[in-house]
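Worksheet: the structure to be examined is printed underneath.
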Amino acid sequence: MRKALLTGINGQDGSYLAELLLKKGYEVHGVIRPSSIQNHQKLSFLKNDFNQLKLHVCSLNNHLSIYKLIDAIKPDECYHLAAASFVSYSFEDEASILETNLNPTHFFLSSIKELVPQCKFYFAGSSEIFGNTDVVPQQETTRFNPRSIYGISKLASHYVVKNYREHHGLYACTGFCYNHESPRRNHAFVSRKITSGAAKIYLNREDKIQMGNIDAIRDWGYAPEYVEAMWMMLNNPYGPKDYIIATGIPHTVRDLLDLAFSLVDLDYRNYIEIDSNFFRPGEQVPLLGDASNIHKDLGWQPKTKFSTIIEEMLLNDINLLK
């Protein structure tokens, strides 16, 4: 039985990936923080599979803890999904974001190199590494130009992955994931903010949503399909390769608002307030991904329509509130 180790197992991607791997017959190990043991809500996505999972309390910012974890499990595959995921454009939190996102990547790779060099390693990259780009859609060869400290931390981690692949011979790769959504999306993200807000307004729990730039363009896909791409990347007949995981289809935040509110027969224009505090710096060229390489090599492509994703999220939020 193959063993897989996941960080971020109690998040959106980690929980879907854990379900996928269990279905494929893996022994699935997950890393959780000490606070998650007391806060069962943080483990709610895993409740159906709780008894099948092997969970380990580990500090990802402690090299020795990670080394001992890798030594104890000796995984065949490692998926590093955990990160400080808030895309802050202020540099107030730069030290903690860099530490949280960069150090564990290095700790995992160095431990794998020493203890289980045959273990395959997936790193969850981000479209934010392209940042202020002048190319649309972006490909794997597009110049990196991150403009947030989050994007910088992801790019630095990607180069650590690349270094361990090219200089130490590890099977290590980065998936450059564009926005991907589901009912398990964190409320801090605009997609969930809108679907949960529309649900609250529909049920007369609230009457307004505070929004930023509703004309911002995003590339939104479906999280359960993106974790399939992650698994495919660690089972690639061509060996370790980095891929863009995206739809390449542009939608504005306004499109998402219109769709979510129309599903409950409401006009979003009556229920939003624009707040400049939520505006990001302007994007001259939108972040849209070209996933043709992963389609060509591995047959992966997005299937679930944007409208279907948002409807599933909205209905889930209505049911949660009821």
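Taking amide H atoms as placed 1.01 Å from N in the peptide plane, list the residues 5 or more away in sequence, or in a different chain, whose amide H sits under 5 Å from that of Ile272.
Ile209
Among Leu109, Ser196, Ser307, whose Cα sits farthest toward the positive end of the charge dipole of the chain (+1 at Cβ of Lys/Arg, -1 at Cβ of Asp/Glu, about the Cα centre)?
Highest projection toward the positive end goes to Leu109.
Fewest to most neighbouring Cβ within 10 Å: what's the order for Ile32, Ile214, Ile9?
The order, fewest Cβ neighbours first, is Ile214, Ile32, Ile9.
Taking a virtual spin label 7 Å from the Cα of Lys296 along the C-beta vector, which residues in segment 126-151 bring their backbone nitrogen under 20 Å of it?
What the label zone holds, given the 20 Å backbone N cut-off, is 135-144.
Taking springs between alpha-carbon atoms closer than 10 angstrom, which of Lys303, Lys162, Lys200 fluctuates most in the Gaussian network model of the chain?
Looking only at Lys303, Lys162, Lys200, the biggest GNM fluctuation is shown by Lys303.
Under a straight-distance cross-link criterion of Cα-Cα below 13 Å, which aspartates and glutamates are reachable from Lys208, leaving out those fewer than 8 residues away in the same chain?
Straight-line reach from Lys208, under 13 Å: Asp267, Glu273, Asp275.
Most exposed first by the Cβ proxy, i.e. fewest other Cβ within 10 Å, how do Met233, Met211, Met1 rank? Write down the numbers at each step before the final one.
Details: Met233 25, Met211 21, Met1 6.
Taking fewest neighbouring Cβ atoms as first place, the list is Met1, Met211, Met233.
I need the Debye-formula profile for segment 207-279: one equal scatterer per C-alpha, no solvent, reported as log10 I(q)/I(0) at q = 0.12, 0.14 1/Å, two decimals.
Normalising to I(0) and taking log10 leaves -0.51, -0.62.
Can you tell me the dipole magnitude for the chain around its Cα centre, using point charges on the Cβ only (Lys, Arg +1; Asp, Glu -1), in Debye to the nearest 20? Don't jump to the answer; show the numbers that get you there.
Values: 33 positive and 36 negative charges, 181 e Å.
Once rounded to the nearest 20, the dipole reads 860 debye.
If each residue of separation counts as 0.36 nm, what is the full-extension length gain between Asn51 and Arg280 once their alpha-carbon separation is subtracted? Before the final figure, lay out each step's value.
On the way: separation 229, 0.36 × 229 = 82.44 nm, distance 4.20 nm.
Gain on extension, Asn51 to Arg280, equals 78.2 nm.
Can you give the convex hull volume per residue for the Cα atoms of the chain, as a whole number of Å³?
On the way: hull volume 43.1 nm³, N = 322.
Looking at the chain, the number lands at 134 Å³ per residue.
How far, in degrees from 0 to 90, does helix 94-115 lean away from the longest principal axis of the Cα atoms of the chain, to the nearest 10?
The helix 94-115 is inclined about 30 degrees to the chain.
Using just the helices of the chain, give the 222 nm mean residue ellipticity in deg cm²/dmol: DSSP H runs with n ≥ 4 each add -39,500 (n - 2.57), and the total is spread over all residues, rounded to 500.
-12500 deg cm²/dmol
For segment 178-234, state what percent of all Cα-Cα pairs lands in each successive 10 Å bin, counting from 0 Å until the bin that includes the largest distance.
20, 42, 26, 9, 2
When the chain is modelled as a GNM with alpha-carbon springs shorter than 10 Å, which of Ala198, Ala188, Ala229 fluctuates the most?
Result: Ala188 has the largest fluctuation of those listed.
Could you check what % of the DSSP bridge pairs in segment 169-322 are antiparallel, to the nearest 5? Mind showing how you got there, number by number?
On the way: 3 of 11 bridges.
Among the beta bridges of segment 169-322, antiparallel pairing accounts for roughly 25 percent.
Exceeding 32 Å between C-alpha atoms, which entries from my cross-link table qualify? They are Lys113/Lys154; Lys47/Lys193; Lys120/Lys193; Lys68/Lys193; Lys74/Lys162; Lys162/Lys193. Numbers along the way, then the final one.
Working: Lys113/Lys154 21 Å; Lys47/Lys193 24 Å; Lys120/Lys193 35 Å; Lys68/Lys193 39 Å; Lys74/Lys162 22 Å; Lys162/Lys193 35 Å.
From Lys113/Lys154; Lys47/Lys193; Lys120/Lys193; Lys68/Lys193; Lys74/Lys162; Lys162/Lys193, over 32 Å: Lys120/Lys193; Lys68/Lys193; Lys162/Lys193.
Please list, in order along segment 228-239, the HN-Hα scalar couplings obtained from phi with the Karplus expression 6.51 cos²θ - 1.76 cosθ + 1.60 (θ = phi - 60°), rounded to whole Hz, x for Gly and Pro.
Calculated HN-Hα couplings, in order: 4, 4, 4, 5, 4, 5, 8, 10, 8, x, 8, x Hz.
Between Leu6 and residues 5 or more places away or on another chain, which pairs have amide H atoms under 5 Å apart, with H built 1.01 Å from N, and which residues are they?
His29, Gly30, Val31, Tyr79
Could you go through segment 124-129 in sequence order and give the Karplus-derived ³J(HN,Hα) for each residue, using 6.51 cos²θ - 1.76 cosθ + 1.60 with θ = phi - 60°, rounded to whole Hz, and x for Gly and Pro?
My calculation for segment 124-129 gives 7, x, 7, 5, 5, 5 Hz in order.
Tell me, what ³J(HN,Hα) does each residue in segment 162-178 have, in order and in whole Hz, if you take phi through Karplus 6.51 cos²θ - 1.76 cosθ + 1.60 with θ = phi - 60° and put x for Gly and Pro?
Along segment 162-178, the couplings run 4, 5, 5, 6, 7, 9, 10, x, 6, 7, 9, 8, 10, x, 8, 7, 8 Hz.
Give me the distance between the Cα centres of segment 3-31 and segment 92-169, rounded to whole Å.
21 Å
Treating only the Cβ atoms of Lys and Arg (+1) and Asp and Glu (-1) as charged, compute the dipole magnitude of segment 143-260 about its Cα centre; round to the nearest 20 debye.
Values: 15 positive and 11 negative charges, 69 e Å.
In total the dipole reaches around 340 debye.
Amide H of Lys120: which non-local residues (sequence gap of 5 or more, or other chain) have their own amide H closer than 5 Å, using H built in the peptide plane?
Glu77, Cys78
What percent antiparallel are the DSSP beta bridges of the chain, to the nearest 5? Could you put the intermediate results ahead of the total?
On the way: 3 of 33 bridges.
For the chain, the DSSP antiparallel bridge percentage is about 10.
Read-outs throughout are calculated quantities, based only on the coordinates presented, and are distinct from any laboratory measurement. Computed from a predicted structure; not experimentally measured. Virtual Cβ from ideal backbone geometry, glycine too; neighbours counted across all protein chains shown.
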